[in-house]
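For reference, the structure discussed in these notes is given below.
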């Protein structure tokens, strides 16, 4: 019996590798489906509520999806101009930062050369006369002039920026097509999702249909509540950050507020990226001074209040995740699906945790995923 089980072990590893390869190869299919599924979960409770008031699912789905898309479309249209401005300024900003860093480095080098010259002069006075040194064939080698390659660096940075812009423009049609496909899929999930579930529920091999209904209902309820809560918290974080940036005099505060709010969907890593970006933006606008760190420090204070006070108070300890497991899961999905995988990582992990809890499967893994004080 043990030999039979050991013979199946290689097949299990091959099956796991096949699943990973399929997920990686078909990421353009799985990512829109998962994203559409989470948005459909978000809108499903109000659609059910409107159904009780005899409003057809088709009408309520159209209206709710339009109400969800309209603010994001307006915000995106307002942020296009400042985003383009910063994209055009990126090569110049990089050159300016390099020049400032070079100036600081030159000042340190000059001070170092002065100290070395003073030490050499003192040593020269202390040396005794060497007769054989007069006939030495060694001649002091003149120092090579520092090569100023600023124009080449600037040209290279501009070419890189142009290539990045061309790559972004070339991928824009595919991105728009995927967004349109996601909207269609969300709409169909909201309209026809319940009927498809009822048809799948009637399969003969499903014995306990009431248990299945309770599991699906609980997972849908808790997950939709989690997505709504996290979205509202991140919106509040972005709005508060934008107000703080405007008070500090930072250019385009709405752009940076929207960016930090979006990055906050990625736990831990998103906040670190936001701090780095705000530090660079502050250095560009205010120079290499201590005040350049103030926008990043203001965001850090707001983020600490959100992560340590607001989120635990609203979600409670039941929905907390182990930070180590979360980071490893972010790295894994980032490696597998890129940035979109990072954004979807936490909802997927929460879905796995809720499903395992309701099915009472792999309870030790559920305990491992949960956060412990």
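The values are calculated or read from the model by the stated rules, or taken from the named source; none is laboratory data. These numbers come from a predicted model, not from an experiment. So basically every Cβ, Gly included, is an ideal-geometry build from the backbone, and we count neighbours across all protein chains shown.
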Determine, yes or no, whether residue 261 is modelled with pLDDT under 90, buried (at least 19 other Cβ atoms within 10 Å of the Cβ) and touching a helix residue (DSSP H, G or I) at 6+ places or on another chain (Cβ under 6 Å).
no
Could you go through segment 36-53 and let me know if any residue there is part of a loop (DSSP other than H, G, I, E, B), surrounded by fewer than 11 Cβ atoms within 10 Å (Cβ to Cβ), at pLDDT 85 or above and at positive phi.
no
Looking at 20, 14 in this structure, which one is more than 28 Å from residue 238 (Cβ to Cβ), part of a helix (DSSP H, G or I), modelled with pLDDT of 80 or more and over 30 Å from the mean Cα position of the chain (by Cα)?
14
Being loosely packed, with under 12 Cβ neighbours inside 10 Å and either out of contact with any helix residue (DSSP H, G or I) (no Cβ under 8 Å at 6 or more places or on another chain) or within 22 Å of residue 38 (Cβ to Cβ) (or both) is the filter here, so list the residues in segment 197-213 that pass it.
198, 199, 200, 202, 203, 204, 205, 207, 208, 210
Which residues, counting only those in segment 244-253, are assigned to a helix (DSSP H, G or I) and loosely packed, with under 15 Cβ neighbours inside 10 Å?
247
For segment 228-247, pairs from a residue that is free of Cβ contacts under 8 Å to residues at least 40 places away in the same chain to a residue that is in a helix (DSSP H, G or I) and surrounded by fewer than 19 Cβ atoms within 10 Å (Cβ to Cβ), with Cβ under 7 Å and 6 or more apart or across chains, are 242/254
Quick check on segment 87-107. Is at least one of its residues under 28 Å from residue 284 (Cα atoms), more than 37 Å from the chain's Cα centre (by Cα), at pLDDT 70 or above and surrounded by 10 or more Cβ atoms within 10 Å (Cβ to Cβ)?
yes
Out of 287, 282, which single residue is over 20 Å from the mean Cα position of the chain (by Cα), surrounded by fewer than 16 Cβ atoms within 10 Å (Cβ to Cβ) and either closer than 23 Å to residue 367 by Cβ or touching a residue at least 12 places away in the same chain (Cβ under 8 Å) (or both)?
287
Regarding residue 324, is this residue surrounded by fewer than 16 Cβ atoms within 10 Å (Cβ to Cβ) and farther than 30 Å from residue 175 by Cβ?
yes
